[in-house]
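Engineer: Pasting a structure below so you can have a look.
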Amino acid sequence: MSDTSPIKHPSWLTTGDFTAAEDPFVLFAAWLEQAAASEPRDPTAMTLATVDADGMPDARMVLLKGVDSRGFVFFTNMDSQKGRQLDAQPRAALVFHWKSLNKQVRVRGPVERVSEADADAYFATRPKQAQIGAWASQQSRPLESRLAFEKAIAVYAAKYALGTVPRPPYWSGYRVVPLAMEFWQDRPFRLHDRIDFRRTALDAPWSKTRLYP
């Protein structure tokens, strides 16, 4: 997934004063780059929060697989709990927490599915065993035993032993398109820095507000 608006780090990055940032995507890119260098594992891990049909909140960890000026992308089985919830209520919240940096980012906004071409392109980059697993797993549904899952894996491993593994029709990606992004950085004595970016519509300019910790 190519970004039509390349993200470049501005001069404020060298000062370390993130509160001077004017573009939340540029700031996020800088923090993610720092996390990639300092987090021992999965700097792209994020909490994805949705709501079910009864309005009950639901949350789980997923991995960020793409970010650009359009939003934050992850992939999943669309028949999973999160997929069904997002299709019924296409809004979500994300939280990134990088303990090594003492930084956190919160994201909220509507959700859209990625294009078929983007889903195909990402699926093709996955290890073959993971591709087979996407076929074998009926994600979020009851599983009678581990052995039943292993048998399903064996069936699809044999089916796709030769050649490429096609993307399952029920497996794709979602993009969270933010209307709000909040950046939090730890400071001594809980006197933290918080910057909140908001926009009223997807094509509207961002406004920035400093928040009390």
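Engineer: Residues to consider are D58, D3; find the one that is closer than 29 Å to R84 by Cα, modelled with pLDDT of 95 or more, among the acidic types (D, E) and surrounded by 10 or more Cβ atoms within 10 Å (Cβ to Cβ).
Structural biologist: Working: D3 fails: modelled with pLDDT of 95 or more.
That would be D58, the only listed residue that is closer than 29 Å to R84 by Cα, modelled with pLDDT of 95 or more, among the acidic types (D, E) and surrounded by 10 or more Cβ atoms within 10 Å (Cβ to Cβ).
Engineer: Kindly indicate which of A161, A157 is free of Cβ contacts under 8 Å to residues at least 40 places away in the same chain, part of a loop (DSSP other than H, G, I, E, B) and among the small types (G, A, S).
Structural biologist: Every option except A161 fails the conditions.
Engineer: Within segment 195-213, track down each residue that is surrounded by 12 or more Cβ atoms within 10 Å (Cβ to Cβ) and touching a helix residue (DSSP H, G or I) at 6+ places or on another chain (Cβ under 9 Å).
Structural biologist: I195, F197, W206, K208, P213, listed by residue number.
Engineer: Which of the residues that make up segment 62-112 are farther than 25 Å from R199 by Cα and of a type in the set (D, E)?
Structural biologist: Within segment 62-112, just D79 meets the criteria.
Engineer: Same structure again: Within segment 61-92, how many residues turn out to be in a strand (DSSP E or B) and over 11 Å from R175 (Cα atoms)?
Structural biologist: 5
Engineer: Here's a follow-up. Mind listing just one residue for me: the one in segment 73-118 that is of a type in the set (G, A, S), more than 21 Å from E182 (Cα to Cα) and more than 14 Å from the chain's Cα centre (by Cα) and, of those, surrounded by the fewest Cβ atoms within 10 Å (Cβ to Cβ)?
Structural biologist: So the residue we want is A117.
Engineer: Which one is modelled with the lowest pLDDT, of the residues in segment 11-40 that are more than 18 Å from H97 (Cα to Cα) and outside any helix (DSSP H, G or I)?
Structural biologist: Going through the qualifying residues, I end up with S11.
The values are calculated or read from the model by the stated rules, or taken from the named source; none is laboratory data. Being a predicted model, the structure only gives us computed values, none of them experimental. We place every Cβ from the backbone using ideal geometry, glycine too, and count neighbours over all the protein chains shown.
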